[in-house]
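Every read-out reported here was derived from the displayed coordinates using simple, explicitly stated rules and does not represent laboratory data. Bear in mind that the values here come from a model prediction, so they are computed numbers and not experimental data. Glycine gets a Cβ as well: all are built from the backbone with ideal geometry, and neighbour counts include every protein chain shown.
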Amino acid sequence: MKKRIHKDPREIASILADLYEQKFGGKSGRFQMTRDRLRELTGRIKLQAGLIDQISDYCDELGFLLINRDEAIVIIKHSTMEKYRQPSADTVEGYDPISSQKKSSIKPGTRVRKEFEGEDFEGIVRRVYTNGKIFVVYDDESFEVTTIDEIEPIEEDK
């Protein structure tokens, strides 16, 4: 029977940082590790939350982020996150959860209504663009590219 040797959290963090630099699976860099594999690495029978927190703190000192997920941990460099996009002040201040919910409900094929100069126009969404614009073909065969705020989804009778 193989004897378990408990590694201390600082040593485990150092090993994880070394693994980040090693090439495996055809790549080097960010990786994930199952809890079972991490448990084997630590030399413990059971992983305690406190141990993972300590490992995470030491990873942080080494410039890495340990993300503790349900079945695995993920290791990425702090510098990786510096490249992520950031929302502008206008985006954050202008965030409207109702509009966001409405946007997620509008997909190609959704029937919509738009009021224009006192008249209601109904049509079908044909395309939703990544910039938030929506291509609608109306029942009278006219079409337009519009925004989420200018149309309302029509509830279908069930």
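Per-residue extension of 0.36 nm, minus the Cα-Cα distance of Thr34 and Met81, leaves a gain of 14.7 nm for this segment. Our coupling estimate for the stretch 69-80, obtained by passing each phi through the Karplus curve with A = 6.51, B = -1.76, C = 1.60 and θ = phi - 60°, is 9, 4, 10, 7, 10, 10, 10, 9, 7, 4, 4, 4 Hz, Gly and Pro reported as x. Other residues lying with their Cβ under 12 Å from the Cβ of Gln54 contribute a combined charge of -4, Lys and Arg counting +1, Asp and Glu -1. Only Cα sites of the chain enter the Debye sum here, all with the same form factor; the resulting log10 I(q)/I(0) across q = 0.14, 0.16 1/Å is -0.78, -0.87, listed in q order. Taking a point 7 Å from the Cα of Gln54 along the Cα-to-Cβ direction, the residues of the stretch 7-38 with backbone N closer than 13 Å to it are 7-13. Residue ranges 25-35, 81-91, 58-68 sort as 58-68, 25-35, 81-91 when ordered by packing (mean number of other C-beta atoms within 10 Å per residue, highest first).
Relative contact order (percent) for the stretch 1-74, with alpha-carbon contacts under 8 angstrom and 6 or more residues of separation?
Relative contact order here is 40 percent.
Using the alpha-carbon positions of the stretch 9-82, Rg (one decimal) and Dmax (whole number) come out as 11.5, 36 Å. Once divided by 2.2 N^0.38 Å, the Cα radius of gyration of the stretch 97-153 becomes 1.03.
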